[in-house]
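Student: Please see the structure below; I have some questions.
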Amino acid sequence: MVGGGIVVAVALPGCAFKGPHPIEVTDAGFVPNAFLQITPDNHVTFYCPSDEMGQGIRTGLATIVGEELDVNPATMLVKAAGSHEDYNNPEFRVQGTGGSNAVRVFYEPLRQVGADTRALLLNAASLDLGIPADQLLTADGFIVAGDRRYPYGDFVETASSLEMPIATELKAPSRFKYIGADAPRVDALAKATGTANFGIDADVPGMVYAVVVRPPVAGSKALSFDDSTARVAPGVLAVVPVSSGVAVVAERYWQANQAAKKLTIDWEETPLSTVTSEQVRQDLSAALEADNDTESTRAGDPEKAFADADAGTILETDYYAPFLAHAPMEPLNATLRITEDGADLWTGVQFVGAAQGVLERLTGLPRGNIKIHNQFLGGGFGRRATLSHIVEVAEIALSVDKPVQLLWSREDDLRHGFYRPAAMMKIKAAADSEGHITAWQARRSGANISAQTFKNALPGVLPNLPTGLLNGLAGAMDYVFKNWAVDGSSVEGLHETYSLPSYQVSHASVDHGLPTTFWRSVGHSYTSFAVESMMDELAEAKQLDPVALRLKNLNDKPRMQNVVAEAGQLMAAMTVPENHHLGFAAHSSFGTDVAQIAEVSVTEGQIRVHKVTCVVDCGLAVNPDIVTAQLEGAVMFALTAALYGSIDLEGGAVVQSNFHNYPILRMNESPAVDVVIIESETPPTGIGEPGVPPLAPAVANAVYRATGQRLRDLPLQLA
Amino acid sequence: MITFSLNGEPVRFNGDPSTPLLWVIRDDFKLKGSKFGCGAGLCGACTMHLDGTAIKTCVLPVAAAADKAVTTIEGLGNPEDLHPLQTAWIEHNVPQCGYCQSGQIMAAAALIADKPSASSEDVDNAMSGNICRCGCYPRIKAAIMSVAASALSYDAAATEANS
């Protein structure tokens, strides 16, 4: 029942947590486990193990624990959990948030936490009141005995001396009163009043401010630098070489920002220094032409199936997607205070466990003495699972011996990021005359996503591994992914959505050295564009309706078949103005099935998306309004990428620098979004990412209907 | 020395007059509700009111605020005394990550103060300088329109009462 690493039934005072526990006991509060505190005056605090970056996880997980505890989540105080292995993500085995997995992996463990704690309170009430537990009920934070109600808080003292029940029976979904109901976000008030604390808002007495000047070409080192004018600029306290560049430390942020411009730095040339976007594209094409991919997965006998197909009807087409930046609204930052026996870090990360590990490695302090105060994240999208800013702030703080706040600028963010890698995809497909796909081959070339992400994470995940071994391990991983094995993230989504009797998926690694990492929906963000464009191309070749073609190829995917059928009916019933056109796409990712219909017009070469209708099956929707919001947001995020998104290289350096040349969709360009959630009682699946993948192909398919131009490159630009 | 009014209180600043107002408010006066997003006046996360007009303060030298009234999100309303837009924001569950929302609300508040019954087009025009990377636009717009609609119905009731 209980996921790995989740501590459900310990933490009575005196019980053995492995390190000093971050929960601060307040007002004689009772801490029955790592997730809850209940005070005698009946205030319930929930310590949320997942990082809130907008996806609504504090509300979602509070709802899940509150359901079984029988406390309205809206009345709980919900706090970010501190850094401790009790809060490890059960699937990652380290404290972190990503992969749209939080609601899925905490659904049962946190219900169990709530149910066991409620049972404990019933036992305590039974003793105190002298009434058998089976004659007591609960109602929203109260024990009910006949017509009398007693706050949970009345029984916490007794509860603290009792043993925690285990494996208490969970509610049947039909009895849920909070799960499945719309409820306000627990963070809405703070975020509407400017009182929500983000990493950037940390303010530690005596802190100084730092900025880092990094190389224009990723990974290049400073050969020499001249800081003679920067060092004497107003407010400047120190100029510090760090592993990623040169840091300027000043009394105020603006002083550091201004002084940094006075540094002259001579950077080394690296292999990346001559790379251009055109070359990346050519190299990715050449890699597919070379035809020596590594196979990822196969089924049936695709070679025979292609040989059996009428050669004239086989389609083979290339699709391309460029590098992309995450551009969360809050630029990266971190505030670190190191004292003789401990360290405190205020930041917003998706990878608390690894941030703690980085500090353990760099400061030499015992892990338990390093506290991560994770704040609200001003957007994550994968960007905040990286750790380079944590390394930087540690190096600076160790050097200046004062609390330091490090802040990246928007230019730093766009030019020195970890990017969604560019991808060239070649899809080859054969279908019979009725539209059943008989053979499918999907190949992708580009940089591996996981190899680089792991390399970045390793120093924090394995804090005690010596640097030499660490570099060896990172190099080995890189080699394995380039030569022997396929990184699943790089090819995910190339075949999984459909029932394919025979298929082959393969990969050619081409890595120019630009750092890459997970970007909202990861590999699916580009594979869906290729697969779902091809599905419309196949439908046209077979003179079939695009929805009908998809339905013919979903025989062993009943959930997606239902989503596509539902969306197809909505699409068939839509009436749109004469110059508007509809495009369809569907994609499975993170356990969730999504179909989207884009209503598009094209005027003088400008693509305008008026409305997007989404049909989603994500299992039981814990908070349907937040599910809806995630799909609305995913549509905007994906439309930004589909219409504008491109990180380009010139001389190895990123060209884009701020929102004037890396535009983000604005309100006046944003479509209406309709969301239909399929009713379900099956356990919840992901929702933060699955709304992204189908959008670009849905728009491209609509643009084809509007103009007859089949756009196979992202971003979508008409000839 | 530069003096101005900050959320109704007179304040003075002795530092570099070219410092952007945003950093003076955040680092010197320690009001952290206004955010840094781009440093180039392109995203609106830093929006405050200067004599009632919405303005991007990451590119506005503090000297430009001399003898003027600066209002930040903290001065617009607070958890105990919400501005109608803040109430609407909560009712519509607008925020996701929330980082841009102070700026969004300040831009919207200037619009509503200027045009209490703003149209859909007015909202698009007034809000197009504020980026939301989470894509909360449909809800931001719905929240503003709900406040504008109540102004509209208030106007209508007043007109009827006067006629």
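Yes/no matrix, rows are residues, columns are (1) open to solvent by less than 10 Å² (accessible area, probe 1.4 Å); (2) in contact with a Ser or Thr (Cβ under 7 Å, 6 or more places away or on another chain):
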site	(1), (2)
A:630	yes, no
A:647	yes, no
A:653	no, no
A:659	yes, no
A:665	yes, yes
A:669	no, no
A:682	no, no
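Student: For the stretch A:307-322, give me each residue that is assigned to a strand (DSSP E or B), of a type outside the set (Asp, Glu) and out of contact with any Ser or Thr (no Cβ under 7 Å at 6 or more places or on another chain). Explain how you work it out, then say what you get.
Tutor: Going residue by residue through the stretch A:307-322, those that are assigned to a strand (DSSP E or B) are A:315-321.
Applying the additional criterion that residues be of a type outside the set (Asp, Glu) yields A:315, A:317, A:319-321.
Within the stretch A:307-322, A:315, A:317, A:320, A:321 qualify.
Student: Checking residue A:190 against (1) open to solvent by less than 60 Å² (accessible area, probe 1.4 Å); (2) under 30 Å from residue B:30 (Cβ atoms); (3) more than 26 Å from the chain's Cα centre (by Cα), which test does it fail?
Tutor: With respect to (1) open to solvent by less than 60 Å² (accessible area, probe 1.4 Å); (2) under 30 Å from residue B:30 (Cβ atoms); (3) more than 26 Å from the chain's Cα centre (by Cα), residue A:190 is out only on (3).
Student: Determine whether the stretch A:693-707 contains at least one residue that is out of contact with any strand residue (DSSP E or B) (no Cβ under 7 Å at 6 or more places or on another chain), touching a residue at least 24 places away in the same chain (Cβ under 8 Å), of a type in the set (Phe, Trp, Tyr) and away from every other protein chain (no Cβ under 14 Å).
Tutor: Taking every residue of the stretch A:693-707 in turn, at least one turns out to be out of contact with any strand residue (DSSP E or B) (no Cβ under 7 Å at 6 or more places or on another chain), touching a residue at least 24 places away in the same chain (Cβ under 8 Å), of a type in the set (Phe, Trp, Tyr) and away from every other protein chain (no Cβ under 14 Å).
Student: Still on this model: Would you pick out the residues in the stretch B:140-155 that are open to solvent by 20 Å² or more (accessible area, probe 1.4 Å) and facing chain A (nearest Cβ under 10 Å)?
Tutor: B:141
Student: Right, here's the next one. Looking at A:136, A:162, A:110 in this structure, which one is at pLDDT 95 or above and buried (at least 19 other Cβ atoms within 10 Å of the Cβ)? Give the steps one after another, and end with the answer.
Tutor: On the way: A:136 fails: buried (at least 19 other Cβ atoms within 10 Å of the Cβ); A:162 fails: buried (at least 19 other Cβ atoms within 10 Å of the Cβ).
Checking each option against the conditions leaves just A:110.
Student: What is the one condition in (1) open to solvent by 20 Å² or more (accessible area, probe 1.4 Å); (2) at pLDDT 95 or above; (3) acidic (Asp, Glu) that residue A:70 does not satisfy?
Tutor: Of the numbered conditions (1) open to solvent by 20 Å² or more (accessible area, probe 1.4 Å); (2) at pLDDT 95 or above; (3) acidic (Asp, Glu), the odd one out for residue A:70 is (1).
Student: Looking only at the stretch A:196-203, decide whether some residue is open to solvent by less than 20 Å² (accessible area, probe 1.4 Å), touching a strand residue (DSSP E or B) at 6+ places or on another chain (Cβ under 9 Å) and in a strand (DSSP E or B).
Tutor: The initial filter retains those residues of the stretch A:196-203 that are open to solvent by less than 20 Å² (accessible area, probe 1.4 Å), namely A:196, A:198-202.
Filter once more, keeping what is touching a strand residue (DSSP E or B) at 6+ places or on another chain (Cβ under 9 Å): A:196, A:198-202.
Still in the list and also in a strand (DSSP E or B): A:198.
Among the residues of the stretch A:196-203, at least one is open to solvent by less than 20 Å² (accessible area, probe 1.4 Å), touching a strand residue (DSSP E or B) at 6+ places or on another chain (Cβ under 9 Å) and in a strand (DSSP E or B), which makes the answer yes.
Student: I've got another one for you. Mind telling me which of the residues A:155, A:92 ends up being at negative phi and in a loop (DSSP other than H, G, I, E, B)? Please lay out each step first, then the result.
Tutor: Numbers: A:155 fails: in a loop (DSSP other than H, G, I, E, B).
Unique residue meeting the criteria: A:92.
Student: Here's something else I'd like to know. In the stretch B:121-163, what residues are among the polar types (S, T, N, Q) and either farther than 22 Å from residue B:103 by Cα or in contact (Cβ under 8 Å) with a residue 24 or more places away in the chain (or both)? Let's see the steps before the verdict.
Tutor: Start the filter on the stretch B:121-163 by keeping residues that are among the polar types (S, T, N, Q), which leaves B:125, B:128, B:130, B:146, B:150, B:153, B:159, B:162-163.
Hits for the stretch B:121-163 are B:130, B:146, B:150, B:153, B:159, B:162, B:163.
Student: I would also like to ask the following. Looking at the stretch A:625-649, which of its residues are assigned to a helix (DSSP H, G or I) and either more than 12 Å from every other protein chain (Cβ to nearest Cβ) or not aliphatic (A, V, I, L, M) (or both)? Give the steps one after another, and end with the answer.
Tutor: The initial filter retains those residues of the stretch A:625-649 that are assigned to a helix (DSSP H, G or I), namely A:625-643.
A:625, A:628, A:630, A:632, A:633, A:637, A:640, A:642, A:643 - these are the residues of the stretch A:625-649 that are assigned to a helix (DSSP H, G or I) and either more than 12 Å from every other protein chain (Cβ to nearest Cβ) or not aliphatic (A, V, I, L, M) (or both).
Student: While we're here: I need the full set of residues from the stretch B:9-29 which are of a type in the set (Val, Ile, Thr) and either open to solvent by 20 Å² or more (accessible area, probe 1.4 Å) or at positive phi (or both), in order please.
Tutor: Of the residues in the stretch B:9-29, the ones of a type in the set (Val, Ile, Thr) are B:11, B:19, B:24-25.
Across the stretch B:9-29, the qualifying residue is only B:11.
Student: For residue B:32, state whether it is open to solvent by 10 Å² or more (accessible area, probe 1.4 Å) and within 19 Å of residue A:333 (Cα to Cα).
Tutor: Values: open to solvent by 10 Å² or more (accessible area, probe 1.4 Å): yes; within 19 Å of residue A:333 (Cα to Cα): yes.
Criteria met by residue B:32.
Student: Right, here's the next one. Would you be able to tell me the number of residues in the stretch B:9-44 that are within 11 Å of chain A (Cβ to nearest Cβ) and either more than 18 Å from the chain's Cα centre (by Cα) or assigned to a strand (DSSP E or B) (or both)?
Tutor: Number of matching residues: 7.
Student: Which is in a helix (DSSP H, G or I), open to solvent by 10 Å² or more (accessible area, probe 1.4 Å) and within 30 Å of residue A:630 (Cβ to Cβ), of A:533, A:499, A:489?
Tutor: On the way: A:533 fails: open to solvent by 10 Å² or more (accessible area, probe 1.4 Å); A:499 fails: in a helix (DSSP H, G or I).
Only one candidate passes the filter, namely A:489.
Student: Please find, among A:228, A:244, the residue that is touching a residue at least 40 places away in the same chain (Cβ under 8 Å) and either open to solvent by less than 10 Å² (accessible area, probe 1.4 Å) or away from chain B (no Cβ under 14 Å) (or both). Before the answer, list the steps.
Tutor: Working: A:228 fails: touching a residue at least 40 places away in the same chain (Cβ under 8 Å).
The match here is A:244.
Student: Going by what's in this entry, would residue A:178 be described as within 30 Å of residue B:98 (Cα to Cα), assigned to a loop (DSSP other than H, G, I, E, B), open to solvent by less than 40 Å² (accessible area, probe 1.4 Å) and at pLDDT 95 or above? Spell out how you get there, then give the answer.
Tutor: Numbers: within 30 Å of residue B:98 (Cα to Cα): yes; assigned to a loop (DSSP other than H, G, I, E, B): yes; open to solvent by less than 40 Å² (accessible area, probe 1.4 Å): yes; at pLDDT 95 or above: yes.
It is true that residue A:178 is within 30 Å of residue B:98 (Cα to Cα), assigned to a loop (DSSP other than H, G, I, E, B), open to solvent by less than 40 Å² (accessible area, probe 1.4 Å) and at pLDDT 95 or above.
The rows are residues; the columns are (1) buried (at least 24 other Cβ atoms within 10 Å of the Cβ); (2) facing chain A (nearest Cβ under 7 Å).
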position: B:4; (1), (2): no, no
position: B:7; (1), (2): no, no
position: B:51; (1), (2): no, no
position: B:59; (1), (2): no, no
position: B:63; (1), (2): no, no
position: B:72; (1), (2): yes, no
position: B:78; (1), (2): no, yes
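Student: Could you check the stretch B:119-139 and list, in sequence order, the residues that are among the hydroxyl-bearing types (Ser, Thr, Tyr), within 7 Å of another protein chain (Cβ to nearest Cβ) and open to solvent by 10 Å² or more (accessible area, probe 1.4 Å)? Step through it out loud before you land on a result.
Tutor: Of all residues in the stretch B:119-139, those among the hydroxyl-bearing types (Ser, Thr, Tyr) come to B:119-120, B:128, B:137.
Adding the requirement that they be within 7 Å of another protein chain (Cβ to nearest Cβ) leaves B:128, B:137.
B:128 - this is the single residue of the stretch B:119-139 that is among the hydroxyl-bearing types (Ser, Thr, Tyr), within 7 Å of another protein chain (Cβ to nearest Cβ) and open to solvent by 10 Å² or more (accessible area, probe 1.4 Å).
The values are calculated or read from the model by the stated rules, or taken from the named source; none is laboratory data. Here the structure is a predicted model, which is why all the values come from computation and not from measurement. In this analysis, Cβ positions are derived from the backbone assuming ideal geometry, glycine residues included, and neighbour counts consider all displayed protein chains. The protein model used for the area step is the full one, side chains on, heavy atoms only, and it has no ligands, DNA or RNA in it. Shrake-Rupley method; radii C 1.70, N 1.55, O 1.52, S 1.80 Å.
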